[in-house]
Amino acid sequence: MADKLSAFLVDVAEDPNRLAQFSANAQRELDRAGLTDAQKTAVLTRDSRKVRAALGTWALAANDDVLEVPGPPPPPPPTSPPPRRQPPAKRKPPKKKRPPKRKRPRRPPKRPTRRKRAPSRPSRKKR
């Protein structure tokens, strides 16, 4: 039964819609959660001692860690030597840039040449 009460309290604390519904009609939300009359009374009185009593031993077990006197602080972690720094990588000097290649002036395209004919001979026919 304490599980239902703890689940109800967590739901109301985490869900703003559920909190608004509880604020509007608390009795209906308590009935919907399936709580006993003693648990409903403890929630409605808003007395933390009564709510803890209604939660039972579960609440005491949950609070044991909080109520305990803390022991000595844990020992510090072992110190390890600082990591060795590696020397910076050697860089090669940049290559010298070659001057751009000079472009030759562009020649106009060659025109197709016509074959020169030999001078025409007079015809051999006699007239």
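List of remarks:
- Hits in region 4-19 - residues which are in a helix (DSSP H, G or I) and surrounded by 10 or more Cβ atoms within 10 Å (Cβ to Cβ): Lys4, Leu5, Ser6, Ala7, Phe8, Leu9, Val10, Asp11, Val12, Ala13, Arg18, Leu19
- Some residue of region 61-71 being part of a helix (DSSP H, G or I), exposed (fewer than 14 other Cβ atoms within 10 Å of the Cβ), at pLDDT 80 or above and on the phi < 0 side of the Ramachandran plot: no
- Residue in region 85-102 that is modelled with pLDDT of 80 or more, within 30 Å of Lys4 (Cα to Cα) and in a loop (DSSP other than H, G, I, E, B) present: no
- Matching residues, region 31-48, being loosely packed, with under 12 Cβ neighbours inside 10 Å and over 43 Å from the mean Cα position of the chain (by Cα): Asp37, Thr45
The values are calculated or read from the model by the stated rules, or taken from the named source; none is laboratory data. Quick caveat: nothing in here was measured; it's all calculated off a predicted structure. So basically every Cβ, Gly included, is an ideal-geometry build from the backbone, and we count neighbours across all protein chains shown.
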